[in-house]
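Colleague: Okay, handing you the structure first.
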Amino acid sequence: MNTSKRTSPKKTQPVGPRPTQGELEILAVLWRRGPSSVRDVHVELEQLRPMGYTTVLKLLQIMTEKGLVERDERQRTHIYAARAPRDETQRQLLDDLLERAFAGSAATLVMQALATHRASRQELDAIRRVLDEMDGGRR
């Protein structure tokens, strides 16, 4: 049996739209700040790179249509919030990447990630703990 392939059944819940890089940047702001106005999001994004207010507004409108964010229109200033928590979105993106680029092999994905990105001692310790938990604590 090939243990590097994912053996769990496919999820039955529908997969939401995959956010673009710009949408992920906005989601990161919303996850960090919580519900925010367009202006609040714009101010934070401007610290990373130049981006117009109307660009942020348009992206948030698109994200609302895609179901990535919710818009609260009860006040004059609309407030946007991420519809899914960060970890849920990360899992969805990882599942998609795992299937599309690594033929479902979690081992290949992890080995490639560790080969291309130097992990810190703390990250390696955390990975070992997860592996130990998955293995039932056996070494």
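Colleague: If you go through the stretch 104-139 one residue at a time, how many are among the small types (Gly, Ala, Ser) and in contact (Cβ under 8 Å) with a residue 24 or more places away in the chain?
Modeller: 4
Colleague: When the residues of the stretch 54-76 are filtered to those that are surrounded by fewer than 12 Cβ atoms within 10 Å (Cβ to Cβ) and of a type in the set (S, T, N, Q), which remaining residue is farthest from Gly16 (Cα to Cα)?
Modeller: Only one residue fits best here, namely Gln75.
Colleague: Next question. When you look at Pro50, is it in the same structural domain as Arg71 (by TED's automatic domain parsing), more than 16 Å from Thr77 (Cβ to Cβ) and either modelled with pLDDT of 95 or more or exposed (fewer than 15 other Cβ atoms within 10 Å of the Cβ) (or both), yes or no?
Modeller: yes
Colleague: Taking the criterion of being at positive phi, surrounded by 13 or more Cβ atoms within 10 Å (Cβ to Cβ) and under 19 Å from the mean Cα position of the chain (by Cα), would at least one residue in the stretch 80-103 satisfy it?
Modeller: So in the stretch 80-103, the residues at positive phi come out as 103.
The next check asks that each one be surrounded by 13 or more Cβ atoms within 10 Å (Cβ to Cβ); those that pass are none.
No, the stretch 80-103 contains no residue that is at positive phi, surrounded by 13 or more Cβ atoms within 10 Å (Cβ to Cβ) and under 19 Å from the mean Cα position of the chain (by Cα).
Colleague: Next question, about the same structure. Take the residues in the stretch 18-43 that are under 12 Å from the mean Cα position of the chain (by Cα) and in a loop (DSSP other than H, G, I, E, B), then tell me which one is farthest from Thr89 (Cα to Cα).
Modeller: Filtering first and then ranking leaves Thr20.
Colleague: Would you be able to tell me the number of residues in the stretch 106-122 that are surrounded by 13 or more Cβ atoms within 10 Å (Cβ to Cβ) and of a type outside the set (A, V, I, L, M, F, W, C)?
Modeller: Of the residues in that region, 2 qualify.
The values are calculated or read from the model by the stated rules, or taken from the named source; none is laboratory data. All figures in this text were calculated on a predicted structure; none of them were measured in a lab. Cβ: placed from backbone, ideal geometry, glycine included. Neighbour counts: every protein chain shown.
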